[in-house]
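Below is one structure, written out as structure tokens; the observations come after it.
The values are calculated or read from the model by the stated rules, or taken from the named source; none is laboratory data. Everything numeric here is computed off the predicted structure, so don't read it as measured data. Note: ideal-geometry Cβ built from the backbone for every residue, glycine included; neighbour counts use all protein chains shown.
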Amino acid sequence: MTNLKLPIYMDYHATTPVDPRVLEAMLPYFTEHFGNAASRTHAFGWRAEAVVEEARETIARLINAESGKEIVFTSGATESDNLAIKGVAEYYQSKGNHIVTTTIEHKAVLDSCKRLEKAGYTVTYVPAGRDGIVDPEAIRNALTDKTILVSVMLANNEVGTIQPIAEIGKITRERGILFHVDAVQGVGRTPFDVRAMNVDLASLSAHKIYGPKGIGALYVRRSRPRVRLVAQMDGGGHERGNRSGTLNVPGIVGFAKACEILIAEGAEEAERVRGLRDRLWRKLSSELEQVVLNGHPERRLPGNLNVSFAFVEGEGLMMAIKDVAVSSGSACTSASLEPSYVLRSMGLDEDLAHSSIRFGLGRFNTEAEVDYVGELVVQKVRKLRDMSPLWEMHQQGIDLKSIQWVAH
Amino acid sequence: MAYSEKVIEHYENPKNVGTLDQNDPSVGTGLVGAPACGDVMRLQIKVNEAGVIEDARFKTFGCGSAIASSSLATEWIKGKTVDEAFAIKNSQIAEELSLPPVKIHCSVLAEDAIKSAIEDYRRKRAAREAAAREQGNS
């Protein structure tokens with residue numbers, strides 16, 4: 001344990017470090033090859049354009065898109081989600097005004113939908129089950145004659161649950177409804193094939209896959225069906241009119257390099273990370289009682305472990321393990337003072353939502369780190385339970401639900 | 001969010017963690033907050049014949065600031081009379097711990113816990129005195 005470098009990063013769902021191979025690929029495009037990909041008149045521009053076109057093809061390959069022409073570069077997944085949802089809603093408004101999504105989507109999807117509601121659209125929010133999985137039949141039942149778009153995430157960012165995208169894609173394709181997938185958390189870690197799964201639009205982000213921040217993409221299907229959008233950013237008409245703005249060439253190069261690494265190593269890496277995650281869970285669940293795994297036991301991202309340590313508050317625990325970077329669904333970590341909307345919409349009791357910790361493991365974690373974190377968490381949970389009135393009451397056999405708590 | 005040094009100090013070395021005998025007539029117990037809100041404080045006081053708090057204990061389910069607020073509260077009330085302790089304001093706790101605005105509710109909870117423990121103690125004493133009077137009358 002002596003050679004461990006602290007703090008330890010276990011928050012790979014929030015962001016990931018840039019892989020050194022990605023950084024190396026990017027560097028020449030800041031200085032030597034700095035050209036604007038839209039400059040059609042000289043070698044600097046041609047060079048930039050060529051590398052961007054190559055990058056589109058690489059990114060398309062990661063998700064098995066038909067062509068690089070289907071990749072629209074954006075500033076990141078938030079912009080991609082906004083462009084997909086608002087862009088489709090606006091273009092197809094003569095066809096209908098109804099959108100179906102789920103209660104566990106990222107805020108970029110939910111808040112885009114909320115804005116559309118204010119503009120007169122109707123949105124159905126389908127809840128996930130207790131295991132954090134959305135039932136495709138619930139999506140089917142939510143569809144109406146007016147539905148123009150369904151938006152479901154590939155994998156949830158909090159509980160890591162992998163959604164039945166292929167099943168939902170089958171339903172939307174049969175009904176002729178467009179299907180958007182926020183694939184940010186799952187791509188490269190779990191199979192994602194836009195053609196096999198009948199996905200029409202997909203949001204991607206580089207910084208979740210060991211690429212740089214500030215670059216993302218929206219996959220927009222060009223055939224069977226050809227998806228049309230109303231651009232949300234006006235300007236020079238870049239990206240075939242879908243998204244104006246000078247292309248972030250170094251970012252795009254890094255994004256493509258990150259995809260290339262995942263194409264080559266993603267499956268193997270997923271298995272290694274899964275092994276680490278399972279090792280951590282075995283340690284926590286064998287040495288502590290009253291720990292609850294949130295989400296589905298198998299259908300989850302390999303690096304995701306979302307656990308509620310009953311009778312211990314999440315932020316309090318994070319403070320006790322301050323040399324380990326994790327996150328919590330506890331209200332104390334959010335400005336709203338509300339615990340995680342994802343956990344609550346899955347039907348988790350609020351006290352358990354407050355007690356949740358999300359461990360996100362990834363490429364650069366080691367077995368030694370996992371062992372250190374596991375031992376530290378076990379010790380600190382025990383210490384905090386010794387300080388917890390709820391744990392004492394639980395030990396005495398008092399049912400906490402029988403108590404009239406005075407909410408404040 | 002960055003914590004103040006005092007919060008960290010109380011959190012890492014909390015003072016007066018523990019449990020007093022709830023059935024002891026000289027002990028008052030306050031249990032405030034709710035698990036669904038993410039914080040629960042139990043604060044107990046042991047009061048001597050002179051009305052001075054000679055011991056205080058707490059257990060808290062909550063964030064670092066909630067734990068620090070309860071630890072500080074027990075420190076402050078020890079040695080004070082019940083009336084003096086009752087006068088402690090949440091703003092004093094918040095100021096001492098340099099709590100940011102989103103953590104002010106932790107200090108409010110600590111003040112509530114002190115008051116609730118004192119009220120419990122007073123209730124028990126009043127009941128005891130009433131019982132004694134009744135015995136004297138009969």
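Would you confirm whether any residue within the stretch A:338-349 is in contact with a Gly (Cβ under 8 Å, 6 or more places away or on another chain), without any contact (Cβ under 8 Å) to a residue 24 or more places away in the chain and within 21 Å of B:GLY62 (Cβ to Cβ)? Yes: one or more hits.
Screening A:VAL291, A:VAL307 for residues that are within 17 Å of A:LEU384 (Cα to Cα), more than 19 Å from the chain's Cα centre (by Cα) and modelled with pLDDT of 95 or more leaves exactly one candidate, A:VAL291.
Among the helices (runs of 4 or more DSSP H) confined to the stretch A:1-104, the ones with at least 3 residues that are without any contact (Cβ under 8 Å) to a residue 24 or more places away in the chain and farther than 28 Å from A:LEU305 by Cα are located at A:43-62.
For the stretch A:316-408, no helices (runs of 4 or more DSSP H) sit wholly inside it while including 2 or more residues that are in contact with a strand residue (DSSP E or B) (Cβ under 7 Å, 6 or more places away or on another chain), surrounded by fewer than 21 Cβ atoms within 10 Å (Cβ to Cβ) and among the hydrophobic types (A, V, I, L, M, F, W, C). Taken over the stretch A:269-309, residues that are of a type in the set (Asp, Glu) and surrounded by fewer than 15 Cβ atoms within 10 Å (Cβ to Cβ) amount to 4. Can you name every residue in the stretch A:158-195 that is more than 19 Å from the chain's Cα centre (by Cα) and charged (D, E, K, R)? Within the stretch A:158-195, A:GLU167, A:LYS170, A:ARG173, A:GLU174, A:ARG175, A:ARG195 qualify. For the stretch B:113-128, the criterion of a residue being closer than 30 Å to A:LYS322 by Cβ and in contact with a helix residue (DSSP H, G or I) (Cβ under 7 Å, 6 or more places away or on another chain) is satisfied by at least one position.
In the set (1) of a type outside the set (Val, Ile, Thr); (2) exposed (fewer than 13 other Cβ atoms within 10 Å of the Cβ); (3) in contact with a Lys or Arg (Cβ under 7 Å, 6 or more places away or on another chain), the condition left unmet by B:ASN137 is number (3). Would you mind stating whether A:VAL109 is crowded, with 18+ Cβ neighbours inside 10 Å, of a type in the set (Val, Ile, Thr) and closer than 21 Å to A:THR144 by Cβ? Answer is yes for this residue. Against the test of being among the aromatic types (Phe, Trp, Tyr), at the interface with chain B (Cβ under 9 Å from one of its Cβ atoms) and either in contact with an Asp or Glu (Cβ under 8 Å, 6 or more places away or on another chain) or closer than 24 Å to A:MET10 by Cα (or both), the options A:PHE311, A:PHE359, A:PHE364 yield a single qualifying residue, A:PHE311.
Evaluate the following for A:MET233: is it buried (at least 20 other Cβ atoms within 10 Å of the Cβ) and assigned to a loop (DSSP other than H, G, I, E, B)? Criteria not met by A:MET233. The number of residues in the stretch A:184-207 being in contact with a Ser or Thr (Cβ under 6 Å, 6 or more places away or on another chain) and assigned to a loop (DSSP other than H, G, I, E, B) comes to 2. For the stretch B:99-134, filtered to residues that are loosely packed, with under 13 Cβ neighbours inside 10 Å and of a type in the set (D, E, K, R), the residue that is nearest to B:ILE45 (Cα to Cα) is B:ARG123.
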